[in-house]
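The values are calculated or read from the model by the stated rules, or taken from the named source; none is laboratory data. Please read all numbers here as calculations on a predicted model, not as lab measurements. Every residue, glycine as well, gets a Cβ built from its backbone with ideal geometry; the counts of neighbours run over all protein chains shown. Only protein heavy atoms, including side chains, enter the accessible area calculation; ligands, DNA and RNA are left aside. Shrake-Rupley method; radii C 1.70, N 1.55, O 1.52, S 1.80 Å.
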Amino acid sequence: MRIALFTETFLPKVDGIVTRLSHTVDHLHRLGDEVLVVSPEGGLKEYCGARIYGVPGFPLPLYPELKLALPRPAIRQQLEDFKPDLVHIVNPAVLGLGGLYYAKTLDVPLIASYHTHLPKYLEHYSLGMLEGVLWELLKMMHNQAQINLCTSTAMRTELTDHGIERVAVWQRGVDTELFRPELASTEMRSHLTQGHPDSPLLLYVGRLSAEKEVDRIKSVLEAIPNARLALVGDGPYRQELENLYADTPTHFVGYLTGKDLASAFASADAFIFPSRTETLGLVLLEAMAAGCPVVAARSGGIPDIVEDGVNGYLFDPQDEDGAIAATQKLFSKESERVLLRRNARMEAEKWGWSAATQQLQTFYQEVLQMPSLPTAA
């Protein structure tokens, strides 16, 4: 197959969506497919056999890590030269609208996927009053696709409830060869704790942005005696968080990738994830693959991954003390923490990227065999 993949974010940016897409592109190439990635310009021209067409963009005012790239006529020529069998638009917003338009005008089958729970993000940027409008826009875009993919059963229900049609779950994936318990190291633990490797180590990995609710970890940190916190990642909320955590034993580590990131997961005692806006939470799977016990909000796609008391702990996101109680429970018995580590790894081993990509290929084949949808009025 020849697949034109439109995405609002791609390498060199680092986040869960880019991780999924980069592994997907790699495995599609291994399976013999040809891929053209249309994304905001990032300097790369090729990745794992896929050609990248970068579209010039500008940083978003509220989120400068993300670039807003406007569709342009040159994209049509790229598609005509590539001759895709189908177009896949990922998190369609602005550039994705171009993918939708050209798929329709060139009469190419269209598939869309939903990864970022944008309507729930709005409340964290004082824009909650626009949630209804955004749902209507998302419905208008996604209902042009023959299949809409999402990353959890909870998201499938929510999208369907908001009028989005033909929704299916694209299964989770994680690199179990990279993320593994054997990468735990005293050196990494000492780095994350700033020279206090014997202290309980809490870890967060992800964007430092308002919707991730990293500020809620502070009360957990203060409730665990002698605990230290490592925040891995960066984002627009970093300065506010540095001010908030200034009087605590918190290390702002910055970005880690590859084996360094895998070692950070494996070396921590607990991975704390308070976000209530996750469609999946890929970092949870990475933590679990590395054998790091997870404490996470029972929200969105997270319960699809974490089974409370079996491979991690879930807490009620409306309970301000829920994360504290769950983390205290985690640290109460060493034997139970060892069991959670083992069960977390066993769960992650079920979800390799190869299987996830083969499932995606099945969706692609289904789309190719479907009749075209009527054009929306």
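Please report, ordered by residue number, the helices (runs of 4 or more DSSP H) entirely within region 279-373 with at least 1 residues that are touching a Gly at 6+ places or on another chain (Cβ under 6 Å) and closer than 30 Å to residue 104 by Cα.
353-369
Somewhere in region 294-312, is a residue in contact with a Lys or Arg (Cβ under 6 Å, 6 or more places away or on another chain) and either more than 15 Å from residue 177 (Cα to Cα) or crowded, with 24+ Cβ neighbours inside 10 Å (or both)?
Within region 294-312 (the criterion being in contact with a Lys or Arg (Cβ under 6 Å, 6 or more places away or on another chain) and either more than 15 Å from residue 177 (Cα to Cα) or crowded, with 24+ Cβ neighbours inside 10 Å (or both)), the answer is yes, since at least one residue qualifies.
Here is a yes/no grid of residues against (1) at pLDDT below 90; (2) over 19 Å from the mean Cα position of the chain (by Cα); (3) open to solvent by less than 40 Å² (accessible area, probe 1.4 Å):
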site	(1), (2), (3)
67	yes, no, no
79	no, yes, yes
82	no, yes, yes
104	no, yes, no
110	no, yes, yes
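Can you tell me which residues in region 241-259 are part of a helix (DSSP H, G or I), touching a residue at least 24 places away in the same chain (Cβ under 8 Å) and closer than 26 Å to residue 318 by Cα?
Correct list: 241, 244.
Mind listing whichever residues of region 10-51 are closer than 19 Å to residue 67 by Cβ, without any contact (Cβ under 8 Å) to a residue 60 or more places away in the chain and in a loop (DSSP other than H, G, I, E, B)?
Matches in region 10-51: 10, 11, 12, 13, 41, 42, 43, 44, 45.
Filter region 252-300 down to residues that are in contact with a Cys (Cβ under 8 Å, 6 or more places away or on another chain) and closer than 22 Å to residue 171 by Cβ, then give me how many there are.
Summing the residues that are in contact with a Cys (Cβ under 8 Å, 6 or more places away or on another chain) and closer than 22 Å to residue 171 by Cβ in region 252-300 gives 3.
Here's the yes/no breakdown for (1) under 20 Å from the mean Cα position of the chain (by Cα); (2) open to solvent by 10 Å² or more (accessible area, probe 1.4 Å):
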site: 282; (1), (2): yes, yes
site: 337; (1), (2): no, yes
site: 341; (1), (2): no, yes
site: 356; (1), (2): yes, no
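Could you look through region 178-230, keep only residues that are acidic (Asp, Glu) and in a loop (DSSP other than H, G, I, E, B), and pick out the one that is most open to solvent (accessible area, probe 1.4 Å)? Before the answer, list the steps.
So in region 178-230, the residues acidic (Asp, Glu) come out as 182, 187, 198, 211, 213, 215, 222.
When the remaining residues are screened for being in a loop (DSSP other than H, G, I, E, B), the result is 198, 213.
On the way: 198: 153, 213: 9 Å².
Among residues in region 178-230 that are acidic (Asp, Glu) and in a loop (DSSP other than H, G, I, E, B), the one most open to solvent (accessible area, probe 1.4 Å) is 198.
If I filter region 231-240 down to residues being assigned to a loop (DSSP other than H, G, I, E, B) and open to solvent by less than 30 Å² (accessible area, probe 1.4 Å), which single residue comes out as modelled with the lowest pLDDT?
Checking each candidate, the answer is 235.
Which one of the conditions (1) surrounded by 16 or more Cβ atoms within 10 Å (Cβ to Cβ); (2) under 21 Å from residue 261 (Cβ atoms); (3) in contact (Cβ under 8 Å) with a residue 40 or more places away in the chain does residue 6 fail to meet, given that it meets all the rest?
Checking residue 6 against (1) surrounded by 16 or more Cβ atoms within 10 Å (Cβ to Cβ); (2) under 21 Å from residue 261 (Cβ atoms); (3) in contact (Cβ under 8 Å) with a residue 40 or more places away in the chain, the one that fails is (2).
Every residue in region 85-101 that is touching a residue at least 60 places away in the same chain (Cβ under 8 Å), of a type outside the set (A, V, I, L, M, F, W, C) and open to solvent by 20 Å² or more (accessible area, probe 1.4 Å), please.
85, 91
Need the failing condition index for residue 143 against (1) modelled with pLDDT under 95; (2) closer than 22 Å to residue 3 by Cβ, just the number.
(1)
Taking interchain pairs and intrachain pairs at least six residues apart, which have beta carbon atoms under 8 angstrom, with the first residue in region 163-182 and of a type in the set (Asp, Glu) and the second in a strand (DSSP E or B)?
Close Cβ pairs satisfying both conditions: 165/148.
Restricting attention to region 260-274, and to residues there that are open to solvent by less than 10 Å² (accessible area, probe 1.4 Å) and assigned to a loop (DSSP other than H, G, I, E, B), which single residue is nearest to residue 323 (Cα to Cα)?
274
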